[in-house]
Amino acid sequence: EAGVAQSPRYKIIEKRQSVAFWCNPISGHATLYWYQQILGQGPKLLIQFQNNGVVDDSQLPKDRFSAERLKGVDSTLKIQPAKLEDSAVYLCASSAGLAGAYTGELFFGEGSRLTVL
Amino acid sequence: AQSVTQLDSQVPVFEEAPVELRCNYSSSVSVYLFWYVQYPNQGLQLLLKYLSGSTLVKGINGFEAEFNKSQTSFHLRKPSVHISDTAEYFCAVTRMNTGFQKLVFGTGTRLLVSP
């Protein structure tokens, strides 16, 4: 079974530029998450989708971050404009619908490391 | 809201020695508890989970954890570590039975196993 796919793995941009990250979850997984992991910290949930609807985006900085999950499959996370403090690893995860969401068993991709200069 | 505290940011240990990684949580309601492991340049992988039942749970790679409700702890243990166990370990918590849940992670403990 293929795992969660993310791209790009690494991205370096200047502040005020924009960047987009892509995620393809495990086939059949209805729930998709984007987490931000700053160096030395634990992952922090940015947004959670159930199919193509948003379940929780309370910690997403909506003035600069946006995310979408068209057709309930893959997802894109965008940052525009980027700030220095956005330097982090952006982790995508998926879970097998309600059962996975209830038990918190998430399957993570390898992450996209963003460096903002 | 739930929170997790991992007091040890780094734990050095020699190969074949036992290890305990500490995790304490805070919540006013019942919770599910998890340990995830992150190997260098990889995503997080579920190590073990406590949902209900026996307070001693066993996971992959010989790890186990014990849920202690009175002490609000969920410490991770392994009786004999290997070099390959070198990784970052994250404790996580979520509210029980609330439909769509949000995992809250601790800051992680880096386990360094040396020969």
task: Would you mind pulling out the separation of the Cα centroids of the stretch A:12-79 and the stretch B:36-95, in Å?
output: 26 Å
- prompt: Where does the charge balance sit around A:Ile12 when Lys and Arg score +1, Asp and Glu -1, over other residues with C-beta under 15 Å from its C-beta?
  reply: +4
task: Would you please name the GluC sites (Glu not before Pro) within the stretch B:1-49 that are DSSP coil residues with at most 12 other C-beta atoms within 10 Å of their C-beta?
output: B:Glu16
- request: As a check on your grasp of the helix formula, calculate [θ] at 222 nm for the protein assembly as shown: sum -39500 (n - 2.57) over DSSP H runs of n ≥ 4, divide by the residue count, round to the nearest 500.
  value: -1000 deg cm²/dmol
task: Report the accessible surface area buried between chains B and A, summing both sides, using a 1.4 Å probe on protein heavy atoms only, in Å² rounded to the nearest 100.
output: 1900 Å²
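Would you tally the net charge around A:Glu85, using a Cβ to Cβ cut-off of less than 11 Å, leaving A:Glu85 out, and scoring K and R as +1, D and E as -1? Let's see the in-between values first.
Values: positive: A:Lys15, A:Arg64, A:Lys83; negative: A:Asp86.
That works out to +2.
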message: In whole Å, what are the extents of the stretch A:1-97 along the principal axes defined by its C-alpha atoms, from largest to smallest?
response: 36, 26, 24
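Once you charge only the Cβ atoms, +1 for Lys and Arg and -1 for Asp and Glu, what is the size of the charge dipole of the stretch B:3-114 about its Cα centre, to the nearest 20 debye? List each step's numbers first, then the result.
Values: 9 positive and 8 negative charges, 95 e Å.
Charge dipole of the stretch B:3-114: 460 debye, to the nearest 20.
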task: Could you sort the residues of the stretch A:18-47 by number and keep only those whose accessible area is reduced by 30 Å² or more in the all-protein-chain setting relative to the chain alone, 1.4 Å probe?
output: A:Tyr35, A:Gln37, A:Gly42, A:Pro43
field: Per residue, in Å², the accessible surface of the stretch A:5-116 once ligands and nucleic acids are set aside, probe 1.4 Å
entry: 46 Å²
message: Could you identify which residue out of A:Gln37, A:Gln59, A:Gln48 has the top mean-square fluctuation in a GNM of chain A using Cα springs shorter than 10 Å?
response: A:Gln59
statement: Going residue by residue through the stretch A:44-51, the Karplus relation 6.51 cos²θ - 1.76 cosθ + 1.60 with θ = phi - 60° gives ³J(HN,Hα) values, rounded to whole Hz and with x marking Gly or Pro, of 10, 5, 9, 7, 10, 10, 10, 6
task: Grab the other residues whose beta carbon is less than 12 angstrom from that of B:Phe74, score K and R as +1, D and E as -1, and report the net.
output: +1
task: Step through the table entries A:Lys15/A:Lys78; A:Lys44/B:Lys78; A:Lys62/A:Lys83; B:Lys49/B:Lys78, compare each Cα-Cα distance with 20 Å, and write down the pairs that go over it.
output: A:Lys44/B:Lys78
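Can you work out the accessible area per residue across the stretch B:3-114, with the rest of the protein chains kept in place, probe 1.4 Å, in square angstrom? Spell out each step's value before the answer.
Working: 5190 Å² over 112 residues.
The answer is 46 Å² per residue.
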statement: Excluding ligands, DNA and RNA, the carbon-plus-sulfur percentage of the accessible area of chain B with a 1.4 Å probe reads 50 percent
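Kirkwood-based Rg over Rh for the protein assembly as shown (C-alpha set), two decimals? Walk me through the numbers on the way to the answer.
On the way: Rg = 17.6 Å, Rh = 18.1 Å.
On the Cα set of the protein assembly as shown, Rg over Rh gives 0.97.
The values are calculated or read from the model by the stated rules, or taken from the named source; none is laboratory data. From a predicted model like this one, the values you see are computed outputs, not experimental measurements. Here Cβ is always computed from backbone atoms with ideal geometry, including for glycine, and neighbour counts include all displayed protein chains. With ligands, DNA and RNA removed, areas are computed over all heavy atoms of the protein, side chains included. Shrake-Rupley method; radii C 1.70, N 1.55, O 1.52, S 1.80 Å.
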